[in-house]
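Peer 1: Here it is, the structure, as structure tokens.
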Amino acid sequence: MDYLGGDVFIGNPGLGMSSLKNYDIRADYTPYTGGLLSLSYFYKDIDDPIEYLQRYATNVGIYTTPENYPKGKLDGVEVEVRQQVDRFLESLKGLSLGANATFINSQVTLPEEEAAQFDQPNIQAPMKTRDMTGAPQHLYNLYFIEDLVDAGVQLGLFYTVRGDTLVAGATTTGGAFVPSVYDKEYGTLNFTASKKIGDRLKLKFQAKNLLDPKIEQVYRSRYISGDKLKSSYQRGMDFTLGLEYRF
């Protein structure tokens, strides 16, 4: 477990390597230097994907472990925009902004023996496929960067929204059905600042997770009514200050 009271994770020495076929198509339009409009589509065909699922052992209870699944596939669309604001407002020289949105569909095929467990008369939760773990339904990013060239200063503000994401697949234990575990959507806000000191030194400051949102994990399945809260926590804010020297 990562922290006291957290979920138990047990490794799997029998894991095999996954193989991947990746296809991408992208169209970019750059109306001027520093400006970008982009649209892309991606598709991934995966053999033996590594998936996280729940298991049960009498000495630890329910735990999470990785296993190879037969097949997986993932596809999606990404839209991106970048603009130099001073192109339109000269008084805002050095300010650039950007945004992108990614929409993802994912699916893995369950091993036959696992699918058979969900189809048992005392379980009656048949499924042959499910979402891929670690693949959010969508990602949204928005950023502002200010370059004060004469002062050697750069400021950045970054906001990211991560959509609902499967953490661990469903399981059966003691003749009962345990639904899949999902992280619900949440957003994070980060700030960065840097200042050049001479030709080789740079002072850097980072403030991460400024909004410190609640991160909720829920049990979810089409065989239960609505989401059931599993846990809720906050990661806290993180501040770092560093000095970089280039030889």
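Peer 1: Just how many pairs of Lys in region 1-154 have C-alpha atoms closer than 16 Å, counting pairs that are eight or more places apart or on different chains? Please report the intermediate quantities before stating the final value.
Peer 2: Working: 21/44; 21/71; 21/73; 44/71; 44/73; 71/128; 73/128.
So the count works out to 7.
Peer 1: Additional query: In whole Hz and in residue order, list the ³J(HN,Hα) couplings for region 231-243 that follow from phi through the Karplus curve 6.51 cos²θ - 1.76 cosθ + 1.60, θ = phi - 60°; x for Gly and Pro.
Peer 2: 7, 9, 8, 10, 7, x, 8, 10, 10, 9, 9, x, 10
Peer 1: Treating cross-link reach as a plain straight distance, find the aspartates and glutamates whose alpha-carbon is under 12 Å from the alpha-carbon of residue 230, omitting any fewer than eight places away in the same chain.
Peer 2: Cross-link targets: 7, 183, 216.
Peer 1: Using modelled backbone amide H atoms (1.01 Å from N, in-plane), which distant-in-sequence or interchain residues come within less than 5 Å of residue 185's amide H?
Peer 2: The list, which skips near neighbours in sequence, is 164.
Peer 1: Which of rounded, prolate, oblate describes region 58-97, given a ≥ b ≥ c as roots of the alpha-carbon gyration tensor eigenvalues and a/c under 1.5 marking rounded, otherwise prolate only if a/b is larger than b/c? Provide the component values of the computation, followed by the final result.
Peer 2: Values: a/c = 8.76, a/b = 2.80, b/c = 3.12.
It comes out oblate by the Cα gyration axes.
Peer 1: Please give the direction-averaged projected area of the C-alpha convex hull for the chain, in square nanometres with one decimal.
Peer 2: On the way: hull surface 72.2 nm².
Hull-based average projected area comes out at 18.0 nm².
Peer 1: For the chain, what does the accessible surface come to per residue with a 1.4 Å probe? Please give it in Å².
Peer 2: Dividing the accessible area of the chain by its residue count gives 61 Å².
Peer 1: Which of the aspartates and glutamates could a cross-linker span from residue 195 if the Cα-Cα distance has to be under 13 Å and same-chain partners fewer than 8 positions apart are dropped?
Peer 2: 146, 147, 150, 244
Peer 1: For region 54-91 and region 94-155, write down the distance between their C-alpha centroids in whole Å.
Peer 2: First find each Cα centre; the distance between them is then 3 Å.
Peer 1: Sequence-distant or interchain residues sharing an amide H contact under 5 Å with residue 7, placed H: which?
Peer 2: 2
Peer 1: Could you give each residue of region 88-104 its phi-based ³J(HN,Hα) in whole Hz, using Karplus coefficients 6.51, -1.76, 1.60 with θ = phi - 60°, and x for Gly or Pro?
Peer 2: 10, 10, 4, 5, 9, 4, x, 8, 10, 9, x, 8, 8, 9, 10, 10, 10
Peer 1: Please list, ordered by chain and number, the residues whose modelled amide H lies under 5 Å from the amide H of residue 133; skip anything fewer than 5 residues away on the same chain.
Peer 2: Result for residue 133 returns 52.
Peer 1: Another one. Let me have the relative contact order for the chain, percent, based on Cα pairs under 8 Å that are six or more residues apart.
Peer 2: Details: 606 pairs, mean separation 30.0, N = 247.
Dividing the mean separation by the residue count of the chain yields 12 percent.
Peer 1: Another question, if that's okay. Which residue, 50, 215, 197, tops the fluctuation ranking in a GNM of the chain built on C-alpha contacts under 10 Å?
Peer 2: Evaluated over the chain, the most mobile residue of the options is 197.
Peer 1: Hey, what do the phi angles of region 175-184 turn into as Karplus ³J(HN,Hα) couplings, whole Hz, using 6.51/-1.76/1.60 and θ = phi - 60°, x for Gly and Pro?
Peer 2: After applying 6.51 cos²θ - 1.76 cosθ + 1.60, I find x, 10, 9, 10, x, 5, 10, 10, 7, 7 Hz.
Peer 1: What is region 1-94's relative contact order, in percent, from Cα pairs under 8 angstrom and six or more apart in sequence? Could you put the intermediate results ahead of the total?
Peer 2: Details: 169 pairs, mean separation 27.6, N = 94.
It comes to 29 percent, rounded to a whole number.
Peer 1: How big is the Cα convex hull of region 1-138 in projection, averaged over all directions, in nm²? Please report the intermediate quantities before stating the final value.
Peer 2: Values: hull surface 53.4 nm².
Mean orientational projected area (region 1-138, Cα hull): 13.3 nm².
Peer 1: Got a number for carbon plus sulfur as a percent of the chain's accessible area, 1.4 Å probe?
Peer 2: Numbers: 8270 of 15030 Å².
So the carbon and sulfur contribution to the accessible surface is 55 percent.
The values are calculated or read from the model by the stated rules, or taken from the named source; none is laboratory data. Fair warning: this is a prediction, and the values are worked out from it, not measured in the lab. Please note that ligands, DNA and RNA were not included when accessible areas were found on the heavy atoms of the full protein model with its side chains. Shrake-Rupley method; radii C 1.70, N 1.55, O 1.52, S 1.80 Å.
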